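This report concerns only the one structure given below.
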Amino acid sequence: MSSRIAWISIAFVVALAAVAVAAAEPIPRWIGSWADGKHVWTTRDADSWAQADPLCDANLCGTENGGATWHPLLRAQDGHFQRVVRTSATAGVVRAVVNRPLSSDPYWTPDAGRHWFRTSRIGGTLSGGIGSFQLGGNGRYLYWHRGGKVLYRVVPWPPRGTPECLGGEWRLDLTAGGTPPPGSWGAICVGPAVDAGMRDIAAVRLTTGSFPLTSDLVSIRRGVASLLYPVVRRRPKLLVMQSGASRVLRLPRPPAWRRTKGLKGYRLHQLGWPNLGISAEALGPTPLRTDTIGCVIWRSRNGGRSWAVHTVDFNTAPFPYCK
């Protein structure tokens, strides 16, 4: 990613946060998974507050007080954690990626990250890494997909009861071992899968001819949102899955811009539900159509029901990023 595009992403989030006033949910202040305004998980390799916190000496860190203090959650000396989703103050799921041999498994917690259990649900084991796997959700609604045209929901979520580590052992580090101290965060049950009655069911089957699921699942209140990309160069649509019901929304056409030859790099930003933002890079009139000359920004304050859209031309804007 070029420095210009990196600044596009950073400035876009900062600028749109200013318009997300009176939001029902907190405005994200660092990269992480927010269950609410106090309960957040974030990886130490993300651009986050937890990265600089010497008290968090783990791959995955958590806070129970909105970032005032952080504590370790998960460790993997020969791996890392991706697709981090905290759905509530107590429940959540991550993908543990082990480097040798390269594979990933979903791990879930029923107690805010004090204990973790592998599951054969939520997509199961993926050999060779995560690939197109996407995960998101909030509250009782947890979803995932691997691309294609089926969005899966995990039920029940979170699982009921108190799971046990039957036939396995507790580790402090997923790959390096070690015994967790009593009462510590991040004890990992390494052994047989603990599904606790969870099932993966098809929540949405997109019809033939519709745009496929190819992008990230952005967690919103009681659900997820995702861009649906076309095969040909057309504007994507927005899938909103909330409280078990789905909506597919069209984006309005951007203003006419004679200098651009098309758009690429669409990104969906959650700015504190119901505020949403979508950005896209505008391509210049070069034969290869690879030069980014500006961007288009869509903003919604009502969950995608209506949009305001404008363009930013890098040749006339005071700074070369979207705002």
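The values are calculated or read from the model by the stated rules, or taken from the named source; none is laboratory data. Note that the structure is predicted; figures quoted are calculated from it, not measured. All Cβ positions, glycine included, derive from the backbone under ideal geometry; neighbour counts span all protein chains shown.
List of remarks:
Condition check ((1) modelled with pLDDT of 80 or more; (2) surrounded by fewer than 22 Cβ atoms within 10 Å (Cβ to Cβ)) across all residues:
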{"site": "MET1", "(1), (2)": "no, yes"}
{"site": "SER9", "(1), (2)": "no, yes"}
{"site": "PHE12", "(1), (2)": "no, no"}
{"site": "ALA23", "(1), (2)": "no, yes"}
{"site": "PRO72", "(1), (2)": "yes, yes"}
{"site": "ASP78", "(1), (2)": "yes, yes"}
{"site": "ARG86", "(1), (2)": "yes, no"}
{"site": "VAL98", "(1), (2)": "yes, yes"}
{"site": "THR109", "(1), (2)": "yes, no"}
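- Single match in ARG140, ARG171 (criterion: at pLDDT 95 or above and either over 19 Å from LEU60 (Cβ atoms) or touching an Asp or Glu at 6+ places or on another chain (Cβ under 8 Å) (or both)): ARG140
- Looking across TRP157, TRP144, TRP185, one residue alone is touching a residue at least 40 places away in the same chain (Cβ under 8 Å), part of a strand (DSSP E or B) and of a type in the set (A, V, I, L, M, F, W, C). It is TRP144.
- Test: residue in the stretch 272-289 that is in a strand (DSSP E or B), under 30 Å from TYR107 (Cβ atoms), out of contact with any helix residue (DSSP H, G or I) (no Cβ under 6 Å at 6 or more places or on another chain) and modelled with pLDDT of 90 or more: yes
- Residue in the stretch 28-36 that is touching a strand residue (DSSP E or B) at 6+ places or on another chain (Cβ under 6 Å), at pLDDT 50 or above, surrounded by fewer than 21 Cβ atoms within 10 Å (Cβ to Cβ) and part of a strand (DSSP E or B) present: no
- Residue, surrounded by the fewest Cβ atoms within 10 Å (Cβ to Cβ), within the stretch 111-126, restricted to residues that are at negative phi and in a loop (DSSP other than H, G, I, E, B): THR125
- Tally of residues being over 25 Å from the mean Cα position of the chain (by Cα) and either buried (at least 16 other Cβ atoms within 10 Å of the Cβ) or part of a loop (DSSP other than H, G, I, E, B) (or both) across the stretch 171-181: 7
- Given (1) surrounded by 14 or more Cβ atoms within 10 Å (Cβ to Cβ); (2) within 25 Å of the chain's Cα centre (by Cα); (3) at pLDDT below 95, number of the condition ALA193 does not satisfy: (3)
- Residue in the stretch 127-139 that is in a loop (DSSP other than H, G, I, E, B), over 18 Å from the mean Cα position of the chain (by Cα) and assigned by TED's automatic domain parsing to the domain that holds SER210 present: yes
- Of all residues making up the stretch 241-266, the number that are of a type in the set (D, E, K, R) and in a loop (DSSP other than H, G, I, E, B): 4
- Some residue of the stretch 206-214 being in a strand (DSSP E or B) and either surrounded by 18 or more Cβ atoms within 10 Å (Cβ to Cβ) or free of Cβ contacts under 8 Å to residues at least 12 places away in the same chain (or both): yes
- Listed here are the strands (runs of 3 or more DSSP E) enclosed by the stretch 60-99 that have at least 2 residues being more than 17 Å from ALA176 (Cα to Cα): 60-63, 79-86, 92-98.
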